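The values are calculated or read from the model by the stated rules, or taken from the named source; none is laboratory data. Note that the structure is predicted; figures quoted are calculated from it, not measured. Positions of Cβ are backbone-derived with ideal geometry, glycine not excepted, and every protein chain shown enters the neighbour counts. In case anyone asks, the SASA skips ligands and DNA or RNA and just uses the protein heavy atoms, side chains included. Shrake-Rupley method; radii C 1.70, N 1.55, O 1.52, S 1.80 Å.
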2 protein chains.
Amino acid sequence: MAVDTLETRELRYFVAVAEELHFGRAAERLGMAQPPLSRAIQQLERRIGVSLLERNRRGVSLTDAGDVLLHEGRAALDATAAAARRTRRAGGADSSGGPRNRLVLAVKAAASHELLQKLLDAYAAEPDAAEIEVLPSGMCEQAELLRDGRADVALMHTPFNSLAGFDSEELMTEGRIAILPAGHPLAAHKTLSMADVGDIPGLPIARWPSHGTYPPGQGPEIHDQTQLAQLIALGRTVAVFPDSARAWLWAEHAAVPLADASPIVTHIAWPAHSRSLALAGLIRTATQL
Amino acid sequence: MAVDTLETRELRYFVAVAEELHFGRAAERLGMAQPPLSRAIQQLERRIGVSLLERNRRGVSLTDAGDVLLHEGRAALDATAAAARRTRRAGGADSSGGPRNRLVLAVKAAASHELLQKLLDAYAAEPDAAEIEVLPSGMCEQAELLRDGRADVALMHTPFNSLAGFDSEELMTEGRIAILPAGHPLAAHKTLSMADVGDIPGLPIARWPSHGTYPPGQGPEIHDQTQLAQLIALGRTVAVFPDSARAWLWAEHAAVPLADASPIVTHIAWPAHSRSLALAGLIRTATQL
DNA sequence: CCCTGTCATACCCGGTAGGTATCACTGGGG
DNA sequence: CCCCAGTGATACCTACCGGGTATGACAGGG
């Protein structure tokens, strides 16, 4: 093999070891025995002429070069997986009928309902519309879905998602609101500031494991939006949401605009090198909404 | 091998065939015989379950899926090559002394002299400055250099370069000037329009093979900037350049601002997933110029 | 009709990826 | 103090498969 070419298999092996920092566990994860994995990593280090792992007594740690290869290798593996997935999607469906174009659109579950609905309706009305598969995703994994090819295009929301590495178009900007119990004194205000909501006596901000706002504070722990809505209705917590959250407010809720919260901008984003006509049509539709 | 994993070797093979559209030539380019290449492509098609090539009588053409794999595969191969190169750069230099950080900066040859000089000087004065290797590149290949890891960061110029897929920061905006023979009547004008320079009797725009402006027109053919400068001095042609080209004008040249030309914006751009401290320092220096 | 150029098939060989058994080393506990 | 548990490395073998050569099938053109 050419000395300057990394095989996908080698990258998979190295990333597994670098993530586990343990040859045995990495081998198990890869479904193979430990000795061939050790040997493969040694060969890899010899081939690229750089030592990647520090074999200390009792464990393994990454060298600087190893850290670089971990990050770059993940990106390369994502790109390879994306090539396989998108190719399969482009051709595999052909057997089930015409030149079926299908686009996978990743959206943050339960966000941008109205916008998404308008987009899907408008696009479906286009003459040569492709089939759109909506892929609900967790909070911040849209980028990952785009990178590894499970999705072709995504709705992303700054400042929560980073648009780094993708092409994107801005679709919508909205402010944020504080959602309070309907009877709360602050609910009478015309606007509030972030500082106000962060420090309401008796109303600690809820902690939502997958939402960053977890470690600090002593607020109640929640796991989905319904729990949160209920806790607010019971007068136990406050929450900050985008304007569009007004759509699902309860009678027991009150919404007050936040004057100093950074606005939430919704973008449609896609891999920079995409050349699909169906995608171009969807983007055109989206920007003309 | 897992059925859903593409090996680098398979991608290399397929991309070669897809580019040549000829098994024999592709095999020659890959330094191998034709039969194993045919077999490898067949196995690839079976593995991903999609037909990639249309074997017509007298030649080969790409299916839709094949076209997708050609583009996605190129990106994946670039990412893989980048992983190898950057890893080698991160670790290979360690043997020749301390924790030597080296950054490769791609710049369009002979552009942005002053800006580049200021940037290098300012960065060198930083306390923990890494070594910067300046990689002169052709007109539009900075993106390619960043993608395949030959460079870590680049100076790019919109609208010539596309920033798609990279992170970037704006550094400088400049207008454009028409460079005329000193004695020419139009040289007396305060400003000109693009239409003016495109159609000057007796002064056809020069044709520069690597600059897009090649096919049409009957202007003289040139191959580098010095030839162009000389032809202008001789009163044979006109050229449009960014403001900063004033730095190298001859006495026989006259520069007139163009009122309606889109401005040229210089950016510093880097791969979106970069995490290098040295790169962060360079970017910080650049944005504070 | 043969000849040429194309990709596919048939068959063989060597390298190497992967498995099993074992070693070398270190640190902790009885 | 020594033994044991747990780590990664080494030794050795096997089987698969990637690659080579020779040849076939098929279509077009002179």
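Evaluating residue B:133 against the criteria (1) in a strand (DSSP E or B); (2) touching a residue at least 60 places away in the same chain (Cβ under 8 Å); (3) among the charged types (D, E, K, R) leaves one unmet condition, (2). On the stretch given as the stretch A:38-69, residues that are of a type in the set (Gly, Ala, Ser), near DNA strand D (Cβ under 7 Å from one of its atoms) and part of a helix (DSSP H, G or I) total 1. Just one of B:239, B:188, B:259, B:247 is out of contact with any Cys (no Cβ under 8 Å at 6 or more places or on another chain) and crowded, with 17+ Cβ neighbours inside 10 Å; which is it? It is B:239. Take the residues in the stretch B:1-37 that are away from chain A (no Cβ under 11 Å) and not in a helix (DSSP H, G or I); name whichever of them is farthest from DNA strand D (Cβ to nearest atom). Restricting to residues being away from chain A (no Cβ under 11 Å) and not in a helix (DSSP H, G or I), the top hit is B:21.
The set of residues from the stretch A:53-91 being touching a strand residue (DSSP E or B) at 6+ places or on another chain (Cβ under 9 Å) and farther than 23 Å from residue A:147 by Cβ comprises A:53, A:54, A:55, A:60, A:61, A:63. Is it fair to say residue B:24 is open to solvent by less than 70 Å² (accessible area, probe 1.4 Å) and within 8 Å of DNA strand C (Cβ to nearest atom)? Answer is yes for this residue. Against the criterion of being more than 14 Å from every other protein chain (Cβ to nearest Cβ) and either polar (S, T, N, Q) or open to solvent by 70 Å² or more (accessible area, probe 1.4 Å) (or both), residue A:51 does not qualify.
If I go through the stretch A:58-74 residue by residue, how many of them are more than 16 Å from DNA strand C (Cβ to nearest atom) and open to solvent by 30 Å² or more (accessible area, probe 1.4 Å)? Matching residues across the stretch A:58-74 total 6.
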